[in-house]
Amino acid sequence: MLPDNAPLQSSFRSIAWPTIPSPQAAAHLAMQYQLEQSQWLEEQDIRRRQLLQLRPLYSHAAQHVPFYQQHLNALPCDQLAPISWEQWQAIPLLTRNDLQQAGDSIVSTSLPPGHGKPFPTATSGSTGKPVTVWHNDIITFFWLAFTLREHMWHQRDVAGKRASIRYTGGNNADPPSGLQFKSWGAPTAILFKAGPSCILDIKTPLDEQAAWLVREQPDYLLTHPTNAHALAHHFKQSSERLHNLKEVRTLAETLTAETVALCKEVWGVEVTDMYSTKEVGYIALQCPEQRTYHVQAENVLVEILREDGTPCRPGEVGKVVITSLHNYASPIIRYDIGDYAEVGTPCACGRGLPVINKIMGRVRNILTLPSGIKHWPVFNYPGLEAVVPFRQIQVLQHTPDSLEVRLVVEKKVSHDQEKQMKTIIQDALHFPFAVTFSYHDEIPRTRGGKFEEFISFVS
């Protein structure tokens, strides 16, 4: 039995601990103990430990992965030789196109003992370029470990009901019932007496999603930010209520301040975001005390770089480059994932884990002005919605001086309303874009269930 002052026990409510944990549970408890300690290290100590992990990873890739045997020449392969941060930054970036074209050459011909059986993992291809990497038992273990850390950070009562509305990749989670489970699944059910969970495919029509949630009455809702926003808007206009909801959790898209505010207004709950990819797992989790994100530095090395490859300073936005510290099946080394993020300053919570202020989105979510200047657009969606109540909105940039606003509305929009919306957009972007409007029955999500409110086709 854990002592009364154990960090894990104090992080959960209404939990009955087993007297003797199973070997699997014991391994997860041991990992949580390590993570509880490592999060409070100084950032420079975390970086030093990461460099120690990077040396054997690099050496393995250079010796056992055909792709890297051709592309890694920056460092000697000696596993005992120390590695400096300057040496690491000399390694060329791996692009999504590189990873896609590498195919099986990115797969290791040999794994170290104890890493388990490798298996393929494919991305959804929401950017039009799906990629496949190989994971193994070690990757799965760490994925579960950081899932558990995120629950602990946010003090969830895992005895409650969890509902997920997300991409499922099949037809098993279709309405009206979706899929029903007796527990939250691994890793929660490995350690605790967890409550039930249920899942519904995110492509379910919004009114059916709302009806499903009313029937299920979950304590926690996990979904995409744009879907959370649409659901909150739906419940704001209806008499339906979610009586037990304690928190909304979001993933897979960029979370906006408007969505956070709307969920607070309608449901009285906070929104907790997480940043992950299929390629490497968890990248950053939202701080339990602040709105910023902590890089999961025990799992991944994150570099946020300017276009010239130099590191961004706090407050600057740059491209996200990641290295998976534990994947020896398909080593992911200095991978430019196509996202942009803003570097943060050390967190007031005291954790030494690196800080990301904001997850900005992908390259195609950047607005390009005719002058060539690029910036992240803010469209004043609340102002637009005050003029035209819409169910969905998406803005497309086809040329440097023109935008198309795609709308799903309940009532026909007048010419005067379009003029008002055009003015709001031009004022928000500080440029007189030519704005056209198109109307649709539905704006579909990507194959992976994501929805992007702004896409630029200007390179």
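The values are calculated or read from the model by the stated rules, or taken from the named source; none is laboratory data. From a predicted model like this one, the values you see are computed outputs, not experimental measurements. Cβ placement follows ideal geometry from the backbone for every residue including glycine, while neighbour counts extend to all protein chains displayed. The accessibility values were calculated without ligands, DNA or RNA, using every heavy atom of the protein model including side chains. Shrake-Rupley method; radii C 1.70, N 1.55, O 1.52, S 1.80 Å.
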Between ARG241 and ARG48, what length in nm is gained on full extension when 0.36 nm per residue of separation is reduced by their alpha carbon distance? 64.5 nm
Cross-link reach list, lysines versus LYS422, counting only Cα pairs under 20 Å and skipping chain neighbours closer than eight places: LYS411, LYS412
Helix-derived [θ] at 222 nm for the chain: sum -39500 (n - 2.57) over DSSP H runs of at least 4, divide by residue count, nearest 500? -9000 deg cm²/dmol
What is segment 381-459 by shape, rounded, prolate or oblate, if you read a ≥ b ≥ c off the alpha carbon gyration tensor as root eigenvalues and call it rounded for a/c under 1.5, prolate for a/b larger than b/c, and oblate otherwise? oblate
Once neighbouring chains are kept in place and the probe is 1.4 Å, which whole percent of the accessible area of the chain is contributed by carbon and sulfur? 53
Within a Cβ distance under 11 Å of SER183, other residues only, what is the Lys/Arg minus Asp/Glu net charge? +4
Could you list, in their original order, any pairs among LYS264/LYS374; LYS264/LYS419; LYS319/LYS374; LYS278/LYS450; LYS182/LYS203 whose Cα atoms are separated by more than 20 Å? LYS264/LYS374; LYS264/LYS419; LYS182/LYS203
Among the aspartates and glutamates, which have Cα under 14 Å from the Cα of LYS193 when same-chain residues fewer than 8 positions away are ignored? ASP157
Projected area averaged over all directions for the convex hull of the alpha carbon atoms of segment 99-168, nm², comes out at 7.1
Determine the shape class of segment 284-329: with a ≥ b ≥ c the square roots of the Cα gyration tensor eigenvalues, call it rounded for a/c under 1.5, and otherwise prolate if a/b is greater than b/c, oblate otherwise. oblate
Only residues of segment 132-159 count here: report those whose backbone N is under 16 Å from the spot 7 Å along Cα→Cβ of ALA122, or say none. 132-135
Please find the FRET efficiency linking GLN100 to VAL269, where r is the Cβ-Cβ separation and R0 is fixed at 41 Å, and quote it to the nearest 0.05. 0.55
Give me P(r) over the chain, computed from all C-alpha to C-alpha distances, binned every 10 Å, as integer percentages. 4, 19, 28, 27, 16, 5, 1, 0
For SER438, placing the label point 7 angstrom along Cα-to-beta-carbon and taking segment 395-424, residues whose amide nitrogen sits under 14 Å are 395-399, 403-408
Relative contact order (percent) for the chain, with alpha-carbon contacts under 8 angstrom and 6 or more residues of separation? 14
As an exercise, use a Förster radius of 30 Å and the Cβ-Cβ distance of ASN380 and ALA348 to find the FRET efficiency, rounded to the nearest 0.05. 0.50
